[in-house]
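Here is the structure we will look at, set down as structure tokens.
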Amino acid sequence: MSDPVILPSGLTFDRPYLQACLDLRYSPTLSDGSRLPINTLNSMIPNLAIKSTIDRWCDSSAIQRPQIVDPDHARGFVRKLMGCSNGLSDSDRLHYSTTASVTSSSPSSVDETLTLESTALEEEIVAKLRDARISMQEEGLVQLRTVTRESPEKRISLCTPRLLSAVRPMLLSRYSTVQIHSSASLVNLSLEPRNRPRIVRSGAVPPLIDAMRCGNPEAEEHAAAAVFGLSADESGRAAIGVLGAIEPLVRLVGRPGTTERGRRDAVHALHQLALAETNRAKIARCPGAVRTVLDVARDGEPTALMVLCALAGSADGVAALMDHNAVEVLIGIMDGCDDVCVKERCVGVMYGLSRWSVLRFRGR
């Protein structure tokens, strides 16, 4: 694939062909016989991990890297698929594709996908971020963080591909202040629901994940808060999980030096990700994840119980919870707590466990 992108379903495709399907309003049939919903094609996210793997393999094998597919070629290929699947004549297919292209280019569609018009403030900040001097980069990030802290209008107008592309490399800067201010700025931008898909599509998630793994401790917690904000958008949860956010979030939750706020943000992010079915198995199989969430739940973090409730809705999650004596932990929490809401959540988790594994549940 020349330009791999990932969809909310967790599947990866080559962008030119998905874009052709979107332009022609065509829902392709997958290998398992299911159809790919048209509305998911607007949520294409660069799969940088697959892209780098492909490029490394080509380089090590002395093979030319894949070339970007010509859009006309991609549309021609999709039209052939449309003809095969729909049994349309050439004239009907041409009429269908022409009508679909006009529909997909309507003003309302363009309004949803194109960015807002650049402002003088954006120009000023981007110029500072692209300056080679670290002092100017810091000044630009402080300015961005400040103006997006309180103003919803500024958060929306500044969340453009141009600005996001300038912020993205700042997340992995070797200068701690640059890391901290860039990750905090993305936290602010992610507060607006309409910004979340834009940030995910900009390719900011992989560097945020890297920042959680090996960044400045304060930047790590800001990055976790940004992932929490982005995962509140349903369309991006599966992709964020596929890109590898779960393991560093678990590490932050269990790390002794994590602040209370940082741990809370990381647990909230895990809960949002667990709402996507594909992520529950990833959490259940992540080394130490279930034990860490159980420990945090025992320490009184209510959102950890919501993560457990989500895990109890999948076979992998139930097996992992049973393996870690979750029933005993939950009963201990209920015995030592007077909060009715906490007890209800504990009962909810145990109800899920009993539905999936009656014999093992009774054995506890």
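The values are calculated or read from the model by the stated rules, or taken from the named source; none is laboratory data. The model shown is predicted, which means the values in this text are computed figures rather than measured ones. With ligands, DNA and RNA removed, areas are computed over all heavy atoms of the protein, side chains included. Shrake-Rupley method; radii C 1.70, N 1.55, O 1.52, S 1.80 Å.
Observations, loosely collected:
- Accessible area of the range 242-330 belonging to carbon and sulfur atoms, whole % at 1.4 Å probe: 50
- From phi via Karplus (6.51, -1.76, 1.60), per-residue ³J(HN,Hα) for the range 173-188 in Hz, x at Gly/Pro: 5, 7, 9, 4, 5, 5, 4, 5, 5, 5, 5, 5, 5, 5, 4, 4
- The phi torsions of the range 20-26, fed into the Karplus equation with coefficients 6.51, -1.76 and 1.60 and a -60° offset, translate into couplings of 5, 4, 5, 4, 8, 6, 10 Hz, rounded to whole numbers, with Gly and Pro shown as x.
- Computed over protein heavy atoms with a 1.4 Å probe, the accessible surface of the range 279-342 works out to 42 Å² per residue.
- Cα gyration tensor shape of the range 205-323, rounded if a/c is under 1.5, else prolate or oblate by comparing a/b with b/c: oblate
- By the rule of a C-alpha distance below 26 Å, with chain neighbours fewer than 8 residues away ignored, the lysines paired with LYS154 are LYS128.
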